[in-house]
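Read-outs throughout are calculated quantities, based only on the coordinates presented, and are distinct from any laboratory measurement. Bear in mind the structure is a predicted one, so any value in this text is a computation, not a measurement. No Cβ is skipped: glycine too gets one built from the backbone with ideal geometry, and neighbour counts run over all protein chains shown.
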Amino acid sequence: MPYTFNPEEKHAKAYSTLPISVKSAELLCRVIRKKPLRRVKRLLSDLESRRRSLGGKYHSNAVSNIKKLVESCEKNAEFLGLDNERLMVHASAHEGMRIRRRRRKGKFGNRMKRANIEVMLIESGRSDRVPREKLKKQMEAKKEDEKK
């Protein structure tokens, strides 16, 4: 299955078919989409440790699997030399193929759920961006020069 889109910016990808609910996977992907990587990792770890919930639910199976996929994508981005501070997450989930298992009572519980999940880390923002600490030091230096 192809990715949903190919961004023009530098990016890293990870894709997997996971045995999780499509409904909870879509919800999680909607929540983490277009957010910085740092915030997404914090949100997923909070959901996994049950410090935060989404609509009163923790979606523990989906959270643990999507967290692994995000970490894998982060390693791919690191290998490609992308800047960790400027990475934005794009995640999407779609219904995967249905796996049927043989049961003695054939109609009861014979379908297993699967979700196709893709995670992309897209490098966004200005390339000449200066961290806040350096900006503060530069501003302090300018103020000292003005005083002299």
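Helix 37-48 against the longest principal axis of the chain: what's the angle in degrees, Cα atoms only, rounded to the nearest 10? Long axis of 37-48 versus the principal axis of the chain: about 40 degrees.
Within region 50-124, list the chymotrypsin sites (Phe, Trp or Tyr not before Pro) lying in a DSSP loop whose Cβ has at most 14 other Cβ atoms in a 10 Å radius. For chymotrypsin sites (Phe, Trp or Tyr not before Pro) across region 50-124 that sit outside H, G, I, E and B with at most 14 neighbouring Cβ atoms in 10 Å, the list reads 108.
Both radii were evaluated on the Cα set of the chain; the Rg over Rh quotient, with Rh as the Kirkwood radius, amounts to 1.17.
Angle of helix 22-32 to the longest C-alpha principal axis of the chain, folded into 0 to 90 degrees and rounded to 10: 0°.
Computing FRET efficiency as 1/(1 + (r/R0)^6) for residue 68 and residue 137, where r is the C-beta to C-beta distance and R0 is 35 Å, gives about 0.35. Distance check, please: which entries in 35/57; 10/75; 10/134; 13/35 exceed 18 angstrom between their Cα atoms? From the list (35/57; 10/75; 10/134; 13/35), the Cα-Cα distance tops 18 Å for 35/57; 10/134.
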